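Heads up: the structure comes next, in structure tokens.
Each reported figure results from applying straightforward, stated rules to the coordinates on display, with no laboratory input. Worth saying up front: this structure is predicted, and the values here are computed from it rather than measured. With ideal geometry, Cβ positions are generated from the backbone for all residues, glycine too; neighbour counts draw on all protein chains shown.
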Amino acid sequence: MFYGTAVWDPWLIVSQIVCLQCLYYLTLGFFMVVLVGSRVKRMSLVYFFDFSTLTASTVTGWCAIISFLLSAIAGAGFLLHLIERAKKCLDFSATLFIIHLLICIVYGGWPSSVTWWVVNGACLVVMALVGEWLCIRRELQEIPITRLRSNV
């Protein structure tokens, strides 16, 4: 994207949100299969959207928590490639986790577990801060300028 004039493009914003949400859940699914799938008989959407699975009292709960945190770190990389602007990282991260909250409410009711709120809040902070850090590093890189020199 070009950083010149700010143009209101709702289709671009919606497509970035949808793409970021899909990539986040694909990554979360991968980490869930690797970490939680080895501990349970059958994987289901319960591990994604039910607040009771994020618990610090079981090893499977810790594996789910680690899956969420690793997905947030991967989400920061997705922010770098999809959003490309440091000042937009918090907005897109918050949007992702608000949509996740809405899906969790529809799936299993209002999350009443403190652990669920702490994990998702930490994931939001990690994704936003690491995403901003990565985007700032990219924005501060020197622009390579190649010149054709004449042989004088």
222 nm mean residue ellipticity, helices alone, for the chain (DSSP H n ≥ 4; -39,500 (n - 2.57); rounded to 500) = -21500 deg cm²/dmol
Expressed as a whole number of Å, what is the distance separating the alpha-carbon centroids of region 21-65 and region 72-88?
-> 23
Projected onto the charge dipole of the chain (unit charges on the beta-carbon of Lys, Arg, Asp and Glu, signs +1, +1, -1, -1), the Cα from 53, 117, 66 with the largest positive-side position is that of 66
What percent do you get for the relative contact order of the chain when only Cα pairs under 8 Å and 6+ apart count?
-> 28
Based on the Cα atoms of the chain, what semi-axes does the equivalent ellipsoid have, where each is the square root of 5 times one gyration tensor eigenvalue, given in whole Å with the largest first?
-> 37, 17, 13
Rg/Rh over Cα atoms for region 11-76, Kirkwood Rh, comes to 1.04
Angle, helix 59-82 long axis vs. longest principal axis of the chain, Cα atoms, 0 to 90°, nearest 10?
-> 20
Cβ charges +1 (Lys, Arg) and -1 (Asp, Glu), total dipole of the chain, debye | 340
